[in-house]
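Each remark here refers to the structure printed beneath this line.
The values are calculated or read from the model by the stated rules, or taken from the named source; none is laboratory data. What you are looking at is a predicted structure, and each value in this text was computed from that prediction instead of being measured. With ideal geometry, Cβ positions are generated from the backbone for all residues, glycine too; neighbour counts draw on all protein chains shown.
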Amino acid sequence: MEANKIKLINEDNLRLDGRSFNELRPIKIQAGILNRADGSAYIEWGGNKIMVGVYGPKEAYPKHSQDIDHAIVKARYNMAAFSVDERKRPGPDRRTMEISKVISEALSSSIMIEQFPRAEIDVYIEVLQADAGTRIAGLTAATVALADAGVPMRDMVVGCTAGKVDGHMVLDLSKEEDNYGEADIPIAIMPKTGEIVLMQMDGDVTEDELYQAMDMIFEATKRISQIQREALLNKYKIQDIGEGE
Ligand code: UDP
């Protein structure tokens, strides 16, 4: 390792924030907290704070954007100017457009879009504070907001990131690990089938390391799915009777 490179993992195999390799940051989700939106959710994931509002399904506008076979999912990921260390210039840029696109595609796989021809479903993801992993945190909250709006879905989407830090594969990268680590791999799935709906990679890993990342993420999504589920049960004050065998 280069002498001046920041050390992200100590001798006891602990990360800068004290986590072990496969430990998640704390996650809290609240469903239905905006009165004016059709559905909403708020997520805190580590230092990330993200609000999601959903409108629709409603007639797609402009009309030429309509699809006669299915609804169009329009996710808009936006970072507030004050969400990052250096003021973020307001408005879309290449990164936010890319993230909006991959989130729209991930949600389109889970929503029963064929039930709503000519319609659109708007998903506004507002990042109030960013701390790495915002695309996955935003997507994880968006699916809760869609459920809160009563939008029919095949499954709730859930995801996490993993990456390579000081030569080790670790779960749920922190900001420092994202900035100074060797690789960052966000993945989102539909847990019932295990179908991958979002997968990206920034950096280099071997095939073995990629499978290690996937294993860690798949395991973590079980816990995150439970948090999503509890958010909805809390909102509607429903007792969790489990999904049965
Ligand atoms: N970030 C930043 N300024 C920007 C964009 C990103 O400080 O204009 C930070 C922010 O904390 C973000 C992190 O860099 O969460 C990692 O960004 P990345 O593009 O990897 O997306 P994310 O991990 O948030 O999905």
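Could you list, in sequence order, all residues of segment 11-64 that are of a type in the set (A, V, I, L, M, F, W, C), within 16 Å of the ligand (Cβ to nearest atom) and farther than 22 Å from Asp148 by Cβ?
Taking segment 11-64 and keeping what is of a type in the set (A, V, I, L, M, F, W, C), we get 14, 16, 21, 24, 27, 29, 31, 33-34, 37, 41, 43, 45, 50-52, 54, 60.
Adding the requirement that they be within 16 Å of the ligand (Cβ to nearest atom) leaves 16, 24, 27, 43, 45, 50-52.
Once the filter is applied, which keeps residues that are of a type in the set (A, V, I, L, M, F, W, C), within 16 Å of the ligand (Cβ to nearest atom) and farther than 22 Å from Asp148 by Cβ, segment 11-64 yields Leu16, Leu24.
Condition test on Gly32, is it under 22 Å from Ala231 (Cβ atoms), touching a Phe, Trp or Tyr at 6+ places or on another chain (Cβ under 7 Å) and of a type outside the set (A, V, I, L, M, F, W, C)? Lay out the reasoning, then the answer.
Working: under 22 Å from Ala231 (Cβ atoms): yes; touching a Phe, Trp or Tyr at 6+ places or on another chain (Cβ under 7 Å): no; of a type outside the set (A, V, I, L, M, F, W, C): yes.
Considered against the rule, which asks whether it is under 22 Å from Ala231 (Cβ atoms), touching a Phe, Trp or Tyr at 6+ places or on another chain (Cβ under 7 Å) and of a type outside the set (A, V, I, L, M, F, W, C), Gly32 comes out as no.
Check Ile125, Ile121 and return the single one that is within 12 Å of the ligand (Cβ to nearest atom), touching a helix residue (DSSP H, G or I) at 6+ places or on another chain (Cβ under 9 Å), within 22 Å of Ile196 (Cβ to Cβ) and modelled with pLDDT of 95 or more. Step through it out loud before you land on a result.
Working: Ile121 fails: within 12 Å of the ligand (Cβ to nearest atom).
Only one candidate qualifies: Ile125.
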